[in-house]
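Report on the following structure.
The values are calculated or read from the model by the stated rules, or taken from the named source; none is laboratory data. The structure presented is a predicted model; accordingly, all values stated were derived computationally and were not measured. Every residue, glycine as well, gets a Cβ built from its backbone with ideal geometry; the counts of neighbours run over all protein chains shown. The area values use the complete protein model at the heavy-atom level, side chains included, leaving out ligands, DNA and RNA. Shrake-Rupley method; radii C 1.70, N 1.55, O 1.52, S 1.80 Å.
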Amino acid sequence: DTAVSQTPKYLVTQMGNDKSIKCEQNLGHDTMYWYKQDSKKFLKIMFSYNNKELIINETVPNRFSPKSPDKAHLNLHINSLELGDSAVYFCASSQPGGGTDTQYFGPGTRLTVL
Amino acid sequence: QKEVEQDPGPLSVPEGAIVSLNCTYSNSAFQYFMWYRQYSRKGPELLMYTYSSGNKEDGRFTAQVDKSSKYISLFIRDSQPSDSATYLCAMSRGGSEKLVFGKGTKLTVNP
């Protein structure tokens, strides 16, 4: 059983287009995240949701809009795609409670903007 | 100064070698320290988790944290080709505070 799944796995699109990436977790976790990993492998948090509420919003252009229809899903919509948006986007989930949250990552969505 | 510094390598070792991976950090409020392993074209997976200073051992892997020096290490004994991956250190202040990652060190273990 896949714990954290993302679709699509690969996304190739033109500059200016709008695209969405979907994430689902079946771990029963309350918190979900979106990360961006650039070509140099640097992994940086973008957003975090706890039980459908936004709790972390890093300095991300407002072309990026996360949406959490329920606590098992966190989608990422990107408007007016730019070349610099090309990266691998990872979804993750965790369950708060004691210490720090262990995060479980999805397989990633490789976005290429042409 | 970046919050977390990690030498990106690449690091290439022969099978059976002892590997040492390190990160330094600047934020003394970090309490939780993690090492993630990321195989090519896969998501990161948690390898080791340590709270505050000290050592933790799990099989061939040992994580060390020295909060006084703001320095963490991951040692891999008897390295195997299957250990070839990128290793990312990560740390946080705790609770639901965000994880801050290092840039990752790419390790290749040659048979």
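Counting Lys and Arg as +1 and Asp and Glu as -1, each charge on the Cβ, what is the dipole of segment A:1-99 about the Cα centre in debye, to the nearest 20? Don't jump to the answer; show the numbers that get you there.
Details: 11 positive and 10 negative charges, 39 e Å.
For this selection, approximately 180 debye.
First check a/c for the protein assembly as shown, with a ≥ b ≥ c the square roots of the eigenvalues of its C-alpha gyration tensor; if it is under 1.5, answer rounded, and if not, answer prolate when a/b is larger than b/c or oblate otherwise.
Details: a/c = 1.83, a/b = 1.44, b/c = 1.27.
Here the protein assembly as shown falls in the prolate category.
Residue by residue through segment A:108-114, what is 3J(HN,Hα) from phi via Karplus (6.51 cos²θ - 1.76 cosθ + 1.60, θ = phi - 60°)? Round to whole Hz and write x for glycine and proline.
Using θ = phi - 60°, the values come out as x, 10, 8, 9, 10, 9, 9 Hz.
For segment A:47-58, what does the Karplus curve 6.51 cos²θ - 1.76 cosθ + 1.60, with θ = phi - 60°, yield as ³J(HN,Hα) per residue in whole Hz, taken in order and with x for Gly and Pro?
Taking θ as phi minus 60°, the curve returns 9, 9, 10, 10, 6, 6, 10, 5, 10, 10, 9, 6 Hz for segment A:47-58.
For a test of the definition: using alpha carbon positions, the gyration tensor, and the 1.5 limit on a/c, classify segment A:5-45 as rounded, prolate or oblate. Numbers along the way, then the final one.
Numbers: a/c = 2.42, a/b = 1.41, b/c = 1.72.
Oblate is the answer for segment A:5-45, as a/c is 1.5 or above yet b/c matches or exceeds a/b.
Compare A:HIS73, A:HIS29 by solvent-accessible area with a 1.4 Å probe and give them largest first, with all protein chains kept in place.
Numbers: A:HIS73 55, A:HIS29 20 Å².
Most to least solvent-accessible, the answer reads A:HIS73, A:HIS29.
Compute the signed sum of charges (Lys and Arg +1, Asp and Glu -1) over the other residues within less than 12 Å, Cβ to Cβ, of A:SER68. Intermediate results must be reported in sequence, preceding the final value.
Values: positive: A:LYS22, A:LYS52, A:LYS67, A:LYS71; negative: A:GLU24, A:ASP30, A:GLU53, A:ASP70.
For residues surrounding A:SER68, the net value is 0.
Could you tell me which residue out of A:ILE55, A:ILE45, A:GLY108 lies farthest along the dipole of chain A toward its positive end? Charges go on the beta carbon: Lys and Arg +1, Asp and Glu -1, centred on the Cα centre.
The residue sitting farthest along the positive end of the dipole is A:GLY108.
Select from segment B:40-85 all residues whose loss of accessible area on going from the chain by itself to the full protein assembly reaches 50 Å² or more (probe 1.4 Å).
With the partner chains in place, segment B:40-85 has these residues losing at least 50 Å²: B:ARG41, B:PRO44.
With charges only on Cβ, +1 for K and R and -1 for D and E, what is the dipole size of chain B about its Cα centre, in debye, rounded to 20? Could you put the intermediate results ahead of the total?
Details: 13 positive and 11 negative charges, 58 e Å.
The dipole of chain B has a size of about 280 debye.
Search the structure for amide H atoms under 5 Å from the amide H of A:ASN51, placed 1.01 Å from N in the peptide plane, and list their residues when 5 or more places away or on another chain.
Under 5 Å from the amide H of A:ASN51: A:THR31, A:MET32.
How much accessible area does A:LYS19 have with a 1.4 Å probe, in Å² rounded to the nearest 10?
That residue has around 70 Å² of solvent-accessible surface.
Compute the signed sum of charges (Lys and Arg +1, Asp and Glu -1) over the other residues within less than 10 Å, Cβ to Cβ, of A:TYR89. If you can, show how the numbers build up before the last one.
Details: positive: A:LYS36, A:ARG110; negative: A:ASP85.
Its environment carries a net charge of +1.
For the protein assembly as shown, give the magnitude of the charge dipole about the Cα centre (Cβ charges: +1 Lys/Arg, -1 Asp/Glu; no others), in debye to the nearest 20. Spell out each step's value before the answer.
On the way: 25 positive and 22 negative charges, 73 e Å.
The calculation lands at about 360 debye.
Between A:ASP18 and B:GLU3, what is the label-point separation in nm under the 7 Å Cα-to-beta-carbon projection?
Going from the B:GLU3 label point to the A:ASP18 one covers 3.2 nm.
Would you count, across chain B, every pair of lysines whose alpha carbons are under 23 angstrom apart, provided the pair is eight or more residues apart or spans two chains?
Taking chain B as the scope, the lysine pair count is 18.
Count the lysine pairs in chain A whose Cα atoms lie under 12 Å apart, taking only pairs 8 or more positions apart in sequence or on different chains. Write out the running numbers ahead of the final one.
Details: A:LYS9/A:LYS22; A:LYS22/A:LYS67; A:LYS36/A:LYS44; A:LYS52/A:LYS67; A:LYS52/A:LYS71.
Number of lysine pairs found: 5.
Over the heavy atoms of A:TRP34, what accessible area does a 1.4 Å probe trace out, to the nearest 10 Å²?
0 Å²
Would you kindly calculate the translational diffusion coefficient of segment A:37-114, applying Stokes-Einstein with the Kirkwood radius from alpha carbon pairs, for 20 °C and a viscosity of 1.002 mPa s, and quote it in µm² s⁻¹ without decimals? Display every interim value, and only then the final one.
Details: Rh = 13.7 Å.
My calculation gives 156 µm²/s for D.
Eigenvalues of the Cα gyration tensor times 5, then square-rooted: what semi-axes does that give for chain B, in whole angstrom, largest first? Don't jump to the answer; show the numbers that get you there.
Values: eigenvalues 106, 41, 31 Å².
Its equivalent ellipsoid spans semi-axes of 23, 14, 12 Å.
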